[in-house]
Amino acid sequence: MNGLSSALSNALSGLLVTSGQSAVVSRNVTNANDENYTRKLANTVTNLDGSVRLASISRASEKGLLDTMLQASSDSSLNATKLAALQSLSATVGDVQSDGSIAWGIDQLKKSLQTLETDPANLALANQVVTGAKNLAASLNQATTTVQNVRTAADAGMATSVSTINDLLSQFQKFDSQISGNKLDQNDRATAEDSRDSVLKKLASEIGIRTTSRPDGSMAIYTDGGVTLYDRSPRSVSFASTPVLSASTQGQQVFADGVQITGPGSPMASKTGKLAGFAQLRDQIAPAYQNQLDELARTLVTTFSEKDQSVTPTLPDATGLFSYNGSPAVPATGTLIQGLAGQISVNTAFDRAVGGNAALLRDGGANGLAYRYNTANVSGFQGRISSLLGGFDQQQNFDPQAQLSASDTVSGFATQSAGWLEGQRATANDKATASQATMSRAKDALLRTTGVSLDQEMAAMLSLEQSYQASAKVMTTVNQMFTALTDIVR
């Protein structure tokens with residue numbers, strides 16, 4: 001009788017365990033398409049009396065693969081953020097041989113001056129030069145607007161990213177506290193761990209992170225630069241947005257746990273994620289391109305400036321065809337004036353649309369008689385025009401902050417600038433493609449290890465069905481034996 005009772009008890013435990021295992025398999029199948037769900041495992045143990053029981057429910061987690069995917073996600077977000085902005089900046093360049101680009105505008109201005117040189121008395125040709133100069137100035141103005149719009153959008157992106165980071169850290173605390181508090185049953189704990197990992201994936205998109213696990217199941221989060229973001233509780237991430245940025249305006253920096261994590265002066269800078277991408281755009285890439293535009297504008301102002309033509313010159317050089325907010329003073333050679341590309345315009349003295357006279361291109365004198373080149377008032381005078389054309393081929397000094405050659409012609413510098421920006425865009429595109437591929441591979445590897453395979457679950461279900469039938473058969477057999485014994489006793 002004891003043997004039969006033991007067999008019946010073991011069969012019953014088998015049925016209960018199979019039922020629990022089936023519930024886990026069903027749960028896996030239901031969530032097979034959820035990429036944030038990890039496959040659940042029903043772990044069994046055998047008791048001393050030979051019966052079995054469901055000991056725990058665990059996850060098919062793999063921290064190494066998760067960390068790899070988090071890093072890949074941060075890299076991908078960084079490069080995608082930079083690429084999107086660089087594509088906007090590239091629109092200011094276009095094809096250097098096509099209408100609308102700054103390099104093309106400089107080349108067209110030179111050609112129109114060459115045409116005027118062949119017929120200096122032709123006022124229509126002089127007006128064409130002025131029109132070309134106005135178009136070139138407008139291109140520099142528009143490019144500056146685009147650059148500052150990109151910087152302002154990047155600043156707003158930093159604000160959004162910081163807000164998202166703080167929100168995600170609060171969500172992370174909720175799940176981390178539940179897990180470390182040991183107040184959840186096995187099913188709920190596994191669900192909380194899935195939710196916590198989901199938050200980590202979102203957080204990695206915003207900022208590069210690394211994590212450490214503690215014996216009680218809790219985790220600590222640090223930036224890729226080593227600053228604490230979460231340790232039992234979220235650390236404050238702060239940022240003061242600048243609504244509108246100009247060429248001479250520097251935005252505020254981001255602080256985490258009181259430590260600056262963006263900007264050149266950061267001791268522990270964050271290197272990956274959207275936040276780092278926006279910061280690099282706002283503080284490094286866009287300002288460098290703006291400096292190049294400003295240096296181009298400065299060189300144009302200098303090239304077309306007028307000099308005192310007196311026998312004994314005493315007056316300073318003064319702006320000619322191109323003017324800016326500091327006119328009539330001519331900018332110092334090789335010295336950057338921030339925002340000049342946004343200020344440059346055609347001197348109204350040359351613009352017939354506002355009562356000016358384009359003949360000043362031939363004669364000079366926009367700043368008074370002392371600056372007049374054609375003192376004899378000769379209609380075929382070419383000296384001033386030839387001098388202006390010579391300026392296009394003259395080597396100019398450029399400020400190192402433009403990050404290009406220290407010396408070049410104005411046309412050569414414009415081409416360099418276009419090539420620099422295209423190089424930045426091409427590099428960002430290559431890195432974005434590569435990092436996206438890396439993330440996809442890391443994601444696939446993680447899913448293969450921790451995700452749900454329907455084939456595997458169906459096979460497990462068939463095996464459980466057979467186990468259930470076997471336990472049921474044992475119970476049926478034992479029941480028949482009990483019946484037979486009862487009949488004998490009667």
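Here, each number is a calculation from the coordinates, and none is a lab measurement. Keep in mind that what you see is a predicted model, and the values were worked out from it rather than measured. As a convention, Cβ positions derive from the backbone with ideal geometry for all residues, glycine included, and neighbour counts pool all protein chains shown.
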Original post:
Around Gly334, which amide H atoms from residues at least 5 apart in sequence, or from another chain, sit under 5 Å from its own amide H, with H modelled in the peptide plane?
Top reply: Asn397
Original post:
Which length gain, in nm to one decimal place, applies between Leu123 and Thr333 when the Cα-Cα distance is subtracted from 0.36 nm times their residue separation?
Top reply: 72.4 nm
Subject >> Rg/Rh for region 126-247, where both radii come from Cα atoms and Rh is the Kirkwood radius >> reply: 1.33
**OP:** Starting from one equal scatterer on each C-alpha and no solvent at all, send me the Debye-based log10 I(q)/I(0) for region 206-328 at q = 0.11, 0.14 Å⁻¹, two decimals.
**Re:** -0.58, -0.73
Original post:
How would you rank Met158, Met439, Met458, going from fewest to most other Cβ atoms within 10 Å of each one's own Cβ?
Top reply: Met458, Met439, Met158
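Would you list Arg151, Arg448, Arg189 from fewest to most Cβ contacts within 10 Å?
So the ranking, lowest neighbour count to highest, is Arg448, Arg189, Arg151.
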Original post:
How large is ³J(HN,Hα) for each residue in region 123-138, as worked out from phi by the Karplus curve 6.51 cos²θ - 1.76 cosθ + 1.60 (θ = phi - 60°), to whole Hz, x for Gly and Pro?
Top reply: 5, 4, 5, 5, 5, 5, 4, 4, 4, x, 5, 5, 5, 5, 4, 5
Original post:
Which residue, chosen from Leu116, Thr146, Ile165, occupies the Cα position most advanced towards the positive end of the dipole of region 102-222, where the dipole is computed from +1 (Lys, Arg) and -1 (Asp, Glu) charges on Cβ about the Cα centre?
Top reply: Leu116
Original post:
Using θ = phi - 60° and the Karplus curve 6.51 cos²θ - 1.76 cosθ + 1.60, what whole-Hz ³J(HN,Hα) does each residue of region 355-363 get, with Gly and Pro shown as x?
Top reply: x, x, 10, 5, 5, 4, 4, 7, 8
**OP:** Pop the C-beta distance of Arg232 and Asp185 into the FRET formula with R0 = 22 Å and round what comes out to the nearest 0.05.
**Re:** 0.40
**OP:** Kindly write out, for region 427-441 in residue order, the coupling ³J(HN,Hα) from the Karplus curve 6.51 cos²θ - 1.76 cosθ + 1.60 (θ = phi - 60°), rounded to whole Hz, with x marking Gly and Pro.
**Re:** 5, 4, 5, 4, 5, 5, 5, 5, 5, 5, 5, 4, 5, 4, 5
**OP:** Any chance you could count the Lys pairs in region 67-438 whose alpha carbons are under 14 Å apart, treating pairs 8 or more apart or on different chains as valid?
**Re:** 7
Subject >> Cα Rg, Dmax (largest Cα-Cα span) when computed across region 67-438, Å >> reply: 27.6, 101
Subject >> Burial ranking of peptide ranges 389-396, 248-255 (average Cβ count within 10 Å, highest at the top) >> reply: 248-255, 389-396
**OP:** Any chance you could list P(r) for region 267-371, counting all Cα-Cα pairs in 5 angstrom bins from zero, rounded to whole %?
**Re:** 2, 12, 18, 16, 13, 11, 7, 6, 5, 4, 3, 2, 0
Original post:
Taking the Cα centre of region 67-438 as the origin, how large is its charge dipole in debye, to the nearest 20, when only Lys and Arg (+1) and Asp and Glu (-1) carry charge on their Cβ atoms?
Top reply: 320
Subject >> For region 132-185, average projected area of the Cα convex hull in nm² >> reply: 4.6
Subject >> Residue order, fewest to most beta carbons within 10 Å, for Glu35, Glu295 >> reply: Glu35, Glu295
